[in-house]
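Here the structure is laid out as C-alpha cells; the discussion comes afterwards.
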Amino acid sequence: MAVTRLERKGRKNKAVAKRKQDKIKLLSDSPVIKMVDVEKIKAEFKANLETEKPAKKATKKAAPKKAKEAVAEVEDKKEETSTEE
C-alpha cells in the first residue's frame, strides 16, 4: 500500500495556525494607556454641565421658532438652486 499525503488537510492546519497567531498579535498589540487625571476630567464635565443647563431651558422654548426658521432657510436654498439650474 502506498502512503498518500493529505495536502489539503496540511494547508488547512497551517491556515488555522496562522489565523490564531494573527488574532493573538492583534489582541496583544494595544496602545499604552497613559496616566489620566481623573479629577481634571470630572472638573471638565461639571463645567460643561453648568454651561449647558441654561442653554437647554432656552432651547426648549425657542425650538419651534428655530425649526420654522430652519425650514424657511432650506426652502430658500432649494429655490436658489432651482433658479440657478
Label-point separation, ILE33 to LEU49 (7 Å along Cα→Cβ), nm: 2.3
Distance between modelled label sites at ILE41 and VAL74, nm, 7 Å Cα→Cβ extension: 3.7
Per-residue ³J(HN,Hα) for region 10-21, Karplus 6.51 cos²θ - 1.76 cosθ + 1.60, θ = phi - 60°, Hz, x for Gly and Pro: x, 5, 5, 4, 5, 5, 5, 5, 5, 4, 5, 5
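Which of rounded, prolate or oblate describes region 1-42 when judged by the alpha-carbon gyration tensor and an a/c cut-off of 1.5? Walk me through the intermediate numbers first.
On the way: a/c = 10.55, a/b = 8.05, b/c = 1.31.
Because a/c hits 1.5 or more and a/b exceeds b/c, region 1-42 counts as prolate.
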Virtual spin-label span in nm between ILE24 and ARG5, 7 Å along Cα→Cβ: 2.6
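Values in this text are rule-based calculations from the coordinates and carry no lab data. These figures come from a predicted structure and were not determined experimentally. Reconstructed Cβ throughout: ideal geometry from the backbone, glycine too, with neighbour counts over all protein chains shown.
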